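Single-structure report; data block below.
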Amino acid sequence: MRRMFGRMLTTGAALSGLLLAAACTEISPRTSLPPQSRPEGLAPPPSERKVSARSADLAGYYRTIQTNLLTQGLLRTDGGGADTPFDADDLARNFEKIVFYDEYRRSGGVNARDGHVAKPLSRWSAPVRIGLEFGDSVPEDIRKIDTDRVSSYAARLGRLTGHSVRAVSGNANFHVFVAGEDDRDFLQARLKALVPGIGANELDLFGNLPRSFYCLVVAVPDPATPNEYVRAVALVRAEHPDLVRLSCFHEEIAQGLGLANDIPEARPSIFNDDDEFALLTDHDELLLKMLYDPRLRPGMTVEDARPVVRILARELTGEDL
């Protein structure tokens, strides 16, 4: 979850409590409802809709934030370089803290820290089908840009992980919503359709997101196999300027694959609270390769995985075992 405290964006977690888990037992993990078309006449095309004052104010606020971050040399898009070295030990340590620990837990709400309790390794076993849906407030040109970007990013993630990850136009199991303040009714209706029985707290989380929360993702496991994700729902604010919106896609989708935590030690990385990098880095690509390596399995404890993680980190950095 990408958040802002004070003057900076910071990365957050994929909500380790999995807020929708209990509600998802009524949904087949292999199917999903298609996006619902709106009858003609109920809403004008996105290009003709009048933006509310609240949405316009948010858009201006986020543009200012992006400009300030860029002025400070943050939100880098280069993936890291000579100024951001890391070795196998760094990679193994970061993998362990990002994969096996969560920053947030369900019982205490999204602000409750739970960073000292290790959880088993969680990832997808089923193919990941990413579906992008837009609120009415999103202009057609933005829809085209975002659709192309998510499709390209999904293909990249598939190559990195060796797991089936692709963008789809229907039958998604990883739902990415781009919606603004003026799209709350649409978002609430879609969540109710996707997750029958979803609770009021979860609906409120998506429908009344504080300004400091830029985007979020909730990954949902199969109750029968609690360390294997079968569904995810992500929200990216439509009011974001171009680079921040793209950074949300990069982080939330990667977190929804299983890189749930962020830690200050990770560099170069988007899983860090310093906003130095906007997009998935070279370091982060290696984390994804490790996460989906067949030598690691869903449900492994941090202790069981540690020897394998050390081997993988050395293989990927070219260091001696």
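Identify, from the list 234, 219, the residue that is in contact with an Asp or Glu (Cβ under 9 Å, 6 or more places away or on another chain), in contact (Cβ under 8 Å) with a residue 40 or more places away in the chain and aliphatic (A, V, I, L, M).
Answer to the check: 234.
Could you please find all residues in region 176-198 being modelled with pLDDT of 85 or more, out of contact with any strand residue (DSSP E or B) (no Cβ under 6 Å at 6 or more places or on another chain) and not in a helix (DSSP H, G or I)?
179, 180
Limited to region 281-321, what total is found for residues that are over 25 Å from residue 84 (Cβ atoms) and either β-branched (Val, Ile, Thr) or in a helix (DSSP H, G or I) (or both)?
Summing the residues that are over 25 Å from residue 84 (Cβ atoms) and either β-branched (Val, Ile, Thr) or in a helix (DSSP H, G or I) (or both) in region 281-321 gives 7.
Looking at region 143-166, can you tell me whether even one residue there is in contact with a strand residue (DSSP E or B) (Cβ under 6 Å, 6 or more places away or on another chain) and part of a strand (DSSP E or B)?
yes
Evaluate the following for residue 260: is it under 24 Å from residue 175 (Cα atoms) and assigned to a helix (DSSP H, G or I)?
So residue 260 fails the test.
For region 215-228, which residues satisfy the criterion of being out of contact with any helix residue (DSSP H, G or I) (no Cβ under 6 Å at 6 or more places or on another chain) and closer than 21 Å to residue 259 by Cα?
Within region 215-228, 216, 218, 221, 222, 225, 226, 227, 228 meet the criteria.
So which residues in region 251-285 are under 21 Å from residue 151 (Cα atoms) and touching a helix residue (DSSP H, G or I) at 6+ places or on another chain (Cβ under 8 Å), if there are any at all?
Of everything in region 251-285, those that are under 21 Å from residue 151 (Cα atoms) and touching a helix residue (DSSP H, G or I) at 6+ places or on another chain (Cβ under 8 Å) turn out to be 253, 254, 257, 258, 259, 270, 278, 279, 280, 284, 285.
Can we say residue 257 is crowded, with 20+ Cβ neighbours inside 10 Å, closer than 27 Å to residue 211 by Cα and either touching an Asp or Glu at 6+ places or on another chain (Cβ under 9 Å) or at pLDDT 95 or above (or both)?
In short, yes.
The values are calculated or read from the model by the stated rules, or taken from the named source; none is laboratory data. No experiment lies behind these values; they were computed from the predicted model shown. Counting neighbours? That spans all protein chains shown, and the Cβs are built from the backbone with ideal geometry, glycine included.
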